[in-house]
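K.L.:
Input: one structure, supplied below.
The values are calculated or read from the model by the stated rules, or taken from the named source; none is laboratory data. All values reported here derive from a predicted model rather than from experimental measurement. All Cβ positions, glycine included, derive from the backbone under ideal geometry; neighbour counts span all protein chains shown. To get the accessible areas, we keep the full protein, side chains included, count just its heavy atoms, and leave off ligands, DNA and RNA. Shrake-Rupley method; radii C 1.70, N 1.55, O 1.52, S 1.80 Å.
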Amino acid sequence: MPTLLRMPTDPQWHLVPTATPPEWLITDIQRLAPEVSGQYLAQLLWQRGMHAPQLIPGFLDPNHYQPTSPAAFGVEIEKAVQRLKQARDRNQRVAIWGDFDADGITSTAVFWDGLGQFFPQNHSLTYIIPNRITESHGLNRAGIERLAAQDYQLIITCDTGSTNLIEIEYASELGLDVIITDHHTLPPERPPVIAIINPRSLPSDHPLAHLSGVAVAYKLVEALYTALPEVPQQPLDHLLDLVAIGLIADLVALQGDCRYLAQRGIQQLQQQLTQRTRPGIAKLLELCKRNGDRPTDISFGLGPRINAVSRIHGEASFCVELLTSKDPVRCWQLAEETELANTRRKSLQKDVLRQVTRKLDQLDLSTTSVIVLSDPQWPIGVLGLVAGQIAQTYGRPTILLCEETVAEHGEVRLARGSARSANQIDLYELVHSQASLLTRFGGHPFAAGLSLPVTNIPLLVEGINQQARQQQATKPAAVVQADLVLTLAELAVNGGRALFKELKLLEPCGMGNPVPKFLIRNCWFDQVWNENIRDRKGNKVQYIKTTFNICDASLEAGFPGIWWGHYKEDIPTGKCDAIVELDFNTYKKRYEVRLEALRPAADHLTQKEALEYPIVDWRQGKTEVGKNQDVLVVNHCPDSWSAVQGWRRQAQNTGKALAVAYQDAGSPDAVTVWKRLVGIAKFLARTGESVRLTLLQTRLKIGPQALQIGLKSLQAFGFTVHCHNNLVQVNMNTVVEELALVDRQQAILNVVNAVREEQFQQQYFQTVSVDVMGAMVSNLPGSEEDSSQTTTTRTPI
C-alpha cells in the first residue's frame, strides 16, 4: 500500500469573502470572449484585485498586451549587445553557461538556438551545464579553465552567475569576458563584467520584474535580433515554447511580460504534436500524454521530466539537445532516457517520502514548529521535492538532509539538503538565524539549500524551532481556501465545458493567480472505486486514486471526479463539504472535478467570522464596511504575519473591522541603506554621540533584524559597536586587522540580503489581498475554530 500523507491537525477552511463585481467587468469579459457568460470569471478577477479596466484586455488576451522592450534594461543590455556584435565581427568563440533545472536548461536552449543564428554552433558557440550532484549551481574554476584552454573569449551565463564574484575575477585573469543574465540575488556592488542583465535591478512593479532566467535570455536575444535584423534565418517567436516551459516550471509570478510570454509560448507549444518543429518536445508530450495546451502540461509533465535528469544522473547537458535537435530519431532516444529518469525520480521520491513519514511518526509534532530530518541513504536530488510535500501536508517548514563524508574536508561528515516553507513562513529568515551552524546556505522566503556538519544537526533542530516559536503567535496550521461556493448544477452546465472554458481565460495560473477552487456544500458520493496507476511496463503500483460521482440536491445524477492518493474508504458515506478544482481528463476526454479537501458537512466556514470582523482594503482609498461598524485603521506596513495577527486580534476584541490603509512610501536601494549606515557610523565615531536603535531604523527605513546585521557588519570595516538600553555607540578602532576583500564584500552582502528580504516582505504586504490576510490569520487564539475532521490530498507529478 503506498504512503498516504495525512494532515496531523485539522487545517483551517477559508472561503474568500465575496464582493459583487461591477457590471463593466462582466461586459468587458463578454466583449473579449463572447462565448462565455463572464459571471464567474468576473467574480474571481475582482476578488483577486483586478480593479483597473485598462488591465483586463491584456490579462485575458495576449493580443491586447504591449510587451516591454528589452531596452528597459538600459545600458547593461546595450553593452551586452555591443560585445556580442564585437565577438561576431572578430570570429571569437562564445560559451553559454547554464544551469541544470528546467529554467536553466531552457535558458541554455534559447541561447543555443537564438545566438546560434549569429554564431556557428559547435565551432564558435558551445554550452556548459554544471553537474547537480558534483558541481552545484553557478560558475566554477575548472570549467573556466577548460574554456580558456580551448580559446574561448566570452562567457554568457543564463539563470546563474550574479553572485559568483570570485569566479568572475578568475575568468578575467584568464582573459575571458563575462556577460551575466540571471534573475537571482544581485551582489551589493556591480561585479567586473561586461554586462549584468537581471530583473532584480528593476522596480518591483515593473512588467519585467518577475522574469525567470529563460525570459531574461529571450530578451537579450530579442535585443540582438533588433540590432542585427538581417542576420537571423529563424523568426524570434520560434523560441517562445522554450520560454513558456522555463517560466512555468520555475514557478515565478506570471504577471506583466511573464504572463504574456507564457501565453504566447503555450500557443506555440500546443502546435508541437502536429507540426513537430521540436521533435524532442513533441515526443515528451506523447510520453506524458499531454497536448501542450495547458500550463499543467508543463508543471506536471515537461518540467518534472527535464528536472528529473539532473536529479538522477547529475549530468543534464543532453536535455539541451533534446529541446533543440531536429533529428527525430535522436530526440526519441533522448526523450526515452528522460522518461526513464523521471520514472526513477518518482520511485525515489516515493521511497524517501515513505521513510520521512515513518520518522515523523516518532516525533512529537505538537512541540515541533520546524521539521528537520536527516538520513545517510537519502538521495539528495529528490529531497527538495519531498520537503515540499511534507511542508504542504503538515503546515510546517521542512528541512531534509543527506549525510555524507567529504574527503577534501578531512573526512568530515557533512549534511546537505533542501528546505521548503509553508503557510507564508519566512524560511530564509528562519534558516539564516542559524547561520553560525552552517557551512553553506542560499535561498529565499519559500525555498533554500543548505549544508552543515552532521554534529551540528541537533543544534540546528533546537535553534531553528526556538526561533520559529518566537516568530509564530500560533501553532502552524495549513489553510485550505475556496474561491467560490457553487452547486453541482452550476458547475456541470454543458457537462462542465461552459465553466471550464470560462476559467481557462485565467490561465496560465501560478503564483499570484492560483487555480480556482470551489466549495460544494452538503454533497455526497456514489460509484466510489479505486484504481491503481502502474508503471509503463505494468509491473508496479505508482499511485492510488479513487474515482467517484459527486452529487448534491441540485444534481442527483452526479458529476465525475477523482481523488489522488486516497482509497475509497477515505470517503465518508454521509453528507460532506468538498473543495474541488474543475479539470479536463485528457485520457477519458471528459470534464471532472479533482477533490482537494473533504470534511463532514458544516453549516459555515470562516466566512462567518470574515463577515462579522472583516479586513477591508483602504490602501487605494476608503471603501464601505458593514453598517454602523467601527473600524481599526492601520497606517504602517507590516513586515510579518504576526503583526497582522496582532491587529486582527485587537480589532476582534473591540468589535471592529480592520482597515489596512498603509501607503507605499518607497524603499531605498539596499546598497544605499548600507552606505547611509556607514555614513552614520562615521559621524557617531567622530562626534562620540549615541543614537537610539528605533531612530536608526526610522532613518534607514529598515527593521530590527536588518539593523542588527548591519551593525555587526560594520566591524569588518574597523568599527566597534556597543548597544545598551536601546542606545548605539560607535567607535573607530585605531588598529584594524586587514580583512580580505572577499570577507568585506561578504559583510556587505549580508546586510544587503537582509535589507532586501525585509523589503521583499513589505512589498508583499503592499499588494497581498485582504482575502489572503483573512485566510492566514483565521486561526488566531480566540477566533472561531472549525474542529471538523478534514482530510487533504497530495497530487502526484
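K.L.:
Within the stretch 27-36, can one find any residue that is within 30 Å of Gly143 (Cβ to Cβ) and in contact with a helix residue (DSSP H, G or I) (Cβ under 9 Å, 6 or more places away or on another chain)?
P.N.:
Looking through the stretch 27-36, none of the residues is within 30 Å of Gly143 (Cβ to Cβ) and in contact with a helix residue (DSSP H, G or I) (Cβ under 9 Å, 6 or more places away or on another chain).
K.L.:
Examine the stretch 530-541 for a residue that is at pLDDT 85 or above and out of contact with any Phe, Trp or Tyr (no Cβ under 6 Å at 6 or more places or on another chain), and state whether such a residue exists.
P.N.:
No: the stretch 530-541 contains no residue that is at pLDDT 85 or above and out of contact with any Phe, Trp or Tyr (no Cβ under 6 Å at 6 or more places or on another chain).
K.L.:
If Arg396 satisfies every condition in (1) crowded, with 20+ Cβ neighbours inside 10 Å; (2) of a type outside the set (Ser, Thr, Tyr); (3) within 29 Å of Phe111 (Cα to Cα) but one, which is the exception?
P.N.:
(3)
K.L.:
Something else: How many residues does the stretch 137-176 hold that are at positive phi and open to solvent by 40 Å² or more (accessible area, probe 1.4 Å)?
P.N.:
Count: 2.
K.L.:
Would you point out the residue of the stretch 342-358, among those that are open to solvent by 60 Å² or more (accessible area, probe 1.4 Å) and farther than 13 Å from Leu383 by Cα, that is nearest to the chain's Cα centre (by Cα)?
P.N.:
Here the answer is Arg344.
K.L.:
May I ask you to say which residue of Arg278, Arg264 is buried (at least 20 other Cβ atoms within 10 Å of the Cβ), at negative phi and basic (Lys, Arg)?
P.N.:
Every option except Arg278 fails the conditions.
K.L.:
I need a count of the residues in the stretch 293-332 that are out of contact with any Leu (no Cβ under 9 Å at 6 or more places or on another chain), more than 17 Å from Gly265 (Cβ to Cβ) and open to solvent by 40 Å² or more (accessible area, probe 1.4 Å).
P.N.:
7
K.L.:
Going by the structure shown, is Val221 out of contact with any strand residue (DSSP E or B) (no Cβ under 9 Å at 6 or more places or on another chain), in contact (Cβ under 8 Å) with a residue 60 or more places away in the chain and within 14 Å of Leu84 (Cβ to Cβ)?
P.N.:
When the stated conditions are applied, Val221 passes them.
K.L.:
So, in the stretch 179-200, exactly how many residues are within 20 Å of the chain's Cα centre (by Cα) and within 17 Å of Asn164 (Cβ to Cβ)?
P.N.:
8
K.L.:
Go through the stretch 364-389 and give me each residue that's under 26 Å from Phe100 (Cβ atoms), β-branched (Val, Ile, Thr) and in contact with a Lys or Arg (Cβ under 8 Å, 6 or more places away or on another chain).
P.N.:
Scanning the stretch 364-389 gives Ile380, Val382.
K.L.:
May I ask you to verify whether Glu339 is open to solvent by 40 Å² or more (accessible area, probe 1.4 Å), over 30 Å from His64 (Cα atoms) and in a helix (DSSP H, G or I)?
P.N.:
Considered against the rule, which asks whether it is open to solvent by 40 Å² or more (accessible area, probe 1.4 Å), over 30 Å from His64 (Cα atoms) and in a helix (DSSP H, G or I), Glu339 comes out as no.
K.L.:
For residues that are of a type in the set (Ser, Thr, Tyr) and open to solvent by 50 Å² or more (accessible area, probe 1.4 Å), scanning just the stretch 117-136, find the one that is modelled with the lowest pLDDT.
P.N.:
Thr134
K.L.:
Related question: Give me the pairs, please: first residue somewhere in the stretch 498-512 and within 20 Å of Glu35 (Cβ to Cβ) and aromatic (Phe, Trp, Tyr), second residue anywhere and open to solvent by 40 Å² or more (accessible area, probe 1.4 Å) and not in a helix (DSSP H, G or I), beta-carbon distance under 6 Å, and either six or more positions apart or on two chains.
P.N.:
Going by the 6 Å Cβ cut-off, the qualifying pairs are Phe500/Tyr591.
K.L.:
Give Val81, Val16 a once-over and let me know the one that is in contact (Cβ under 8 Å) with a residue 60 or more places away in the chain, more than 25 Å from the chain's Cα centre (by Cα) and at negative phi.
P.N.:
Val81
K.L.:
While we're looking at this one, here's another question. Specify the residue that is modelled with the lowest pLDDT; the eligible residues are those in the stretch 584-633 that are of a type in the set (Asp, Glu) and in a strand (DSSP E or B).
P.N.:
Asp617
K.L.:
If you check every pair at least six apart or on different chains, which have Cβ atoms under 9 Å apart with a residue in the stretch 458-479 that is part of a strand (DSSP E or B) first and a residue that is modelled with pLDDT of 75 or more second?
P.N.:
Val479/Trp13; Val479/His14; Val479/Gly395; Val479/Asn423
K.L.:
Output the residue which, of all residues in the stretch 46-76 that are open to solvent by 30 Å² or more (accessible area, probe 1.4 Å) and of a type in the set (Gly, Ala, Ser), is farthest from the chain's Cα centre (by Cα).
P.N.:
Taking the candidates together, the pick is Ala71.
K.L.:
Would you confirm whether or not the stretch 209-227 contains a residue that is surrounded by fewer than 18 Cβ atoms within 10 Å (Cβ to Cβ) and in contact with a Lys or Arg (Cβ under 7 Å, 6 or more places away or on another chain)?
P.N.:
The answer is yes, given that some residue of the stretch 209-227 is surrounded by fewer than 18 Cβ atoms within 10 Å (Cβ to Cβ) and in contact with a Lys or Arg (Cβ under 7 Å, 6 or more places away or on another chain).
K.L.:
Can you find a residue that is touching a strand residue (DSSP E or B) at 6+ places or on another chain (Cβ under 7 Å), at pLDDT 95 or above, open to solvent by 20 Å² or more (accessible area, probe 1.4 Å) and part of a helix (DSSP H, G or I) anywhere in the stretch 91-111?
P.N.:
no
Per-residue answers, yes or no, for (1) small (Gly, Ala, Ser); (2) more than 24 Å from Leu247 (Cα to Cα):
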| site | (1), (2) |
| --- | --- |
| Pro192 | no, yes |
| Ala195 | yes, no |
| Asn198 | no, no |
| His206 | no, no |
| Leu211 | no, no |
| Lys219 | no, no |
| Ala227 | yes, yes |
| Gln234 | no, no |
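K.L.:
Same structure again: Within the bounds of the stretch 182-193, is there any residue that is open to solvent by 20 Å² or more (accessible area, probe 1.4 Å), farther than 22 Å from Asn753 by Cα and among the aliphatic types (A, V, I, L, M)?
P.N.:
No, every residue in the stretch 182-193 fails to be open to solvent by 20 Å² or more (accessible area, probe 1.4 Å), farther than 22 Å from Asn753 by Cα and among the aliphatic types (A, V, I, L, M).
K.L.:
Further, regarding this structure: Could you check, for the stretch 555-569, whether at least one of its residues is in a loop (DSSP other than H, G, I, E, B), open to solvent by 50 Å² or more (accessible area, probe 1.4 Å) and in contact (Cβ under 8 Å) with a residue 24 or more places away in the chain?
P.N.:
Scanning the stretch 555-569 turns up no residue that is in a loop (DSSP other than H, G, I, E, B), open to solvent by 50 Å² or more (accessible area, probe 1.4 Å) and in contact (Cβ under 8 Å) with a residue 24 or more places away in the chain.
K.L.:
Please determine whether any residue of the stretch 193-201 is modelled with pLDDT under 95 and more than 30 Å from Ala308 (Cα to Cα).
P.N.:
Yes, some residue in the stretch 193-201 is modelled with pLDDT under 95 and more than 30 Å from Ala308 (Cα to Cα).
K.L.:
Would you confirm whether any residue within the stretch 667-675 is modelled with pLDDT under 75, closer than 22 Å to Phe760 by Cβ and of a type outside the set (Asp, Glu)?
P.N.:
Yes; the residues of the stretch 667-675 include at least one that is modelled with pLDDT under 75, closer than 22 Å to Phe760 by Cβ and of a type outside the set (Asp, Glu).
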